[in-house]
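Here's the structure, in structure tokens; my notes come after.
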Amino acid sequence: MSQPLEGLRVLEIGTFVSAPYCGKLFTGYGAEVVKVEPPEGDISRAHGPFKDGIPNPETSSLFLYLNTGKKSVTLDLASPGGRERFLQLVESADVLIENYRPKDLRALGLDYATLSAVNPQLVMISVTTFGQDGPYADYESNNLIAFAMGGQMFITGTQDGGPLKNGGYQADYQGGLNAFSAGMLAVLAAERDGAGQHVDVSIQQCMAPLLEAGIPYYSYLGRWGGQRRGNHMASFIGIYPCADGHLGVHLMPRNWKPFCDVIGRPDLATDPRFATQAARTQHNDELMAEFYAWAATEEKRPIYERAGAGRAPIAFVHTMEDLITSPHLLERGSIQRITHPVAGEAAYPGPPWWMGSAAWSPGPAPLLGQHNAEILGSLSR
């Protein structure tokens with residue numbers, strides 16, 4: 001059985017997270033993705049942590065993760081020779097992924113008008129914080145700015161402490177995921193119509209649909225309808241530290257009695273202060289104190305198993321160790337071992353969605369310029 005995107009040729013001149021994550025999805029599902037790096041390499045190669053804590057452009061954990069299965073060639077796109085060779089690669093490509101600021105790409109002479117003249121069927125996917133036009137299009141930006149200006153920070157954090165950024169580079173990953181989805185629609189359209197198009201992905205615009213209807217609420221009410229609640233929306237919906245980690249609780253009225261039985265506190269179910277959802281809300285601080293005291297004595301895995309058997313909504317917050325040893329993720333092929341010639345073997349997340357065991361190709365990230373001879377050597381001089 002062939003992979004879903006087998007036969008598709010993709011060029012990537014992306015750097016750091018957003019465009020490389022888009023390219024990772026293309027190559028994972030079978031496309032040939034040629035990553036065109038500057039002679040010094042993608043800047044993510046300098047981003048730690050590194051294997052054994054020793055800086056090495058071939059062992060950056062971020063680079064290794066984002067570039068699994070790709071091919072690497074090195075070109076100086078600012079030089080006439082590098083640009084010419086890149087345009088030769090464009091001639092036979094189906095897709096180009098990039099995350100340059102629009103004015104920087106124009107300065108290189110690699111805007112869509114130029115590239116589509118070389119290859120009219122090319123699908124060009126541009127993923128940037130603010131998109132290709134508008135007053136902010138050429139602003140410098142980063143993941144933190146994307147979170148702030150996309151609205152996600154406004155709904156995250158606490159009322160007293162103010163907005164907080166989500167962990168990691170989630171704004172950039174959202175950009176990459178949306179770029180892959182939009183790019184595949186454009187690939188289908190190119191096959192149907194015989195003409196490519198420029199896909200303009202703004203990370204700021206990607207964040208707006210993730211704000212839990214915050215924008216429609218504001219439109220209706222003239223104010224945001226929610227609150228920043230941190231780890232607790234209420235005593236019965238929150239995160240509690242336990243003996244070996246953290247437990248998550250999300251109680252609906254129908255779960256109250258089973259929950260009290262599972263935690264060994266059937267008395268709470270009949271306590272007048274907590275007998276109804278309205279009462280629990282009224283006595284929120286008292287109930288939260290009870291939950292803090294209970295959770296502190298529990299270990300995460302045993303209580304999770306008891307909760308499942310007793311139909312109580314309790315889960316534990318998974319650490320990285322919990323994820324890579326998860327029997328569920330392992331059985332579904334969601335954690336895969338990949339061996340890299342320099343970094344060695346490590347666990348990597350597998351496909352984000354399941355399309356059969358043969359759909360996803362978990363190859364190692366390339367060495368810098370590893371495929372120069374194979375790909376550039378065949379070009380006319």
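I'd like to check something: does segment 214-222 contain any residue that is more than 27 Å from L105 (Cβ to Cβ) and not in a helix (DSSP H, G or I)? Yes, segment 214-222 contains at least one residue that is more than 27 Å from L105 (Cβ to Cβ) and not in a helix (DSSP H, G or I). Scanning segment 295-309 for residues being surrounded by 15 or more Cβ atoms within 10 Å (Cβ to Cβ) and not in a loop (DSSP other than H, G, I, E, B) gives a total of 6. Output yes when any residue across segment 6-22 is more than 17 Å from the chain's Cα centre (by Cα), part of a loop (DSSP other than H, G, I, E, B), of a type in the set (A, V, I, L, M, F, W, C) and closer than 28 Å to S181 by Cβ, and no when none is. Scanning segment 6-22 turns up at least one residue that is more than 17 Å from the chain's Cα centre (by Cα), part of a loop (DSSP other than H, G, I, E, B), of a type in the set (A, V, I, L, M, F, W, C) and closer than 28 Å to S181 by Cβ. Considering each residue of segment 142-163 in turn, at least one proves to be over 30 Å from A234 (Cβ atoms), part of a loop (DSSP other than H, G, I, E, B) and not aromatic (F, W, Y). Checking each residue in segment 348-381 for being part of a loop (DSSP other than H, G, I, E, B), within 30 Å of P80 (Cα to Cα) and without any contact (Cβ under 8 Å) to a residue 12 or more places away in the chain picks out G377, S378, R381. Counting residues in segment 220-238 that are farther than 30 Å from L323 by Cα, touching a strand residue (DSSP E or B) at 6+ places or on another chain (Cβ under 9 Å) and not polar (S, T, N, Q) gives zero. Residue count for segment 285-294, restricted to those that are surrounded by 15 or more Cβ atoms within 10 Å (Cβ to Cβ) and out of contact with any Leu (no Cβ under 7 Å at 6 or more places or on another chain): 4. Of all residues in segment 36-62, those that are of a type in the set (G, A, S), without any contact (Cβ under 8 Å) to a residue 40 or more places away in the chain and part of a loop (DSSP other than H, G, I, E, B) total 1.
Residue-by-condition table, conditions (1) in contact with a helix residue (DSSP H, G or I) (Cβ under 7 Å, 6 or more places away or on another chain); (2) in a helix (DSSP H, G or I); (3) at positive phi; (4) of a type outside the set (S, T, N, Q):
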{"site": "A279", "(1), (2), (3), (4)": "no, yes, no, yes"}
{"site": "A289", "(1), (2), (3), (4)": "no, yes, no, yes"}
{"site": "A293", "(1), (2), (3), (4)": "no, yes, no, yes"}
{"site": "L323", "(1), (2), (3), (4)": "yes, yes, no, yes"}
{"site": "T339", "(1), (2), (3), (4)": "no, no, no, no"}
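Checking each residue in segment 232-265 for being surrounded by fewer than 16 Cβ atoms within 10 Å (Cβ to Cβ), under 29 Å from the mean Cα position of the chain (by Cα), over 19 Å from T319 (Cα atoms) and not hydrophobic (A, V, I, L, M, F, W, C) picks out only H250. Inside segment 209-236, residues that are modelled with pLDDT of 85 or more, hydroxyl-bearing (S, T, Y) and more than 16 Å from T158 (Cα to Cα) make up a count of 3. Among residues that are under 17 Å from Q197 (Cα atoms) and in a helix (DSSP H, G or I), A179 is included. From (1) in contact with a helix residue (DSSP H, G or I) (Cβ under 9 Å, 6 or more places away or on another chain); (2) at pLDDT below 95, pick out the condition that doesn't hold for G109. It fails just one condition, (2). When the test is whether a residue is farther than 23 Å from D200 by Cβ and either in contact (Cβ under 8 Å) with a residue 12 or more places away in the chain or outside any helix (DSSP H, G or I) (or both), G30 passes it. For segment 228-242, filtering for residues that are of a type in the set (G, A, S) and farther than 15 Å from A289 by Cβ leaves 1.
For segment 156-171, indicate whether the set of residues that are modelled with pLDDT of 90 or more and closer than 21 Å to Q132 by Cβ is non-empty. Yes, some residue in segment 156-171 is modelled with pLDDT of 90 or more and closer than 21 Å to Q132 by Cβ. Against the condition within 17 Å of S61 (Cα to Cα) and modelled with pLDDT of 95 or more, how does A373 come out, does it pass? Against the criterion (within 17 Å of S61 (Cα to Cα) and modelled with pLDDT of 95 or more), A373 does not qualify.
Apart from one condition, A195 fits all of (1) assigned by TED's automatic domain parsing to the domain that holds N99; (2) in a loop (DSSP other than H, G, I, E, B); (3) surrounded by 13 or more Cβ atoms within 10 Å (Cβ to Cβ); (4) of a type in the set (A, V, I, L, M); the exception is (3).
Of all residues in segment 165-188, those being over 16 Å from the mean Cα position of the chain (by Cα) and either free of Cβ contacts under 8 Å to residues at least 60 places away in the same chain or on the phi > 0 side of the Ramachandran plot (or both) number 3. If I filter segment 326-335 for residues that are assigned to a strand (DSSP E or B), modelled with pLDDT of 95 or more, surrounded by 11 or more Cβ atoms within 10 Å (Cβ to Cβ) and among the β-branched types (V, I, T), do I get at least one hit? Within segment 326-335, none of the residues are assigned to a strand (DSSP E or B), modelled with pLDDT of 95 or more, surrounded by 11 or more Cβ atoms within 10 Å (Cβ to Cβ) and among the β-branched types (V, I, T).
The values are calculated or read from the model by the stated rules, or taken from the named source; none is laboratory data. A quick note: this is a predicted structure, and the numbers were derived from the prediction, not measured. Reconstructed Cβ throughout: ideal geometry from the backbone, glycine too, with neighbour counts over all protein chains shown.
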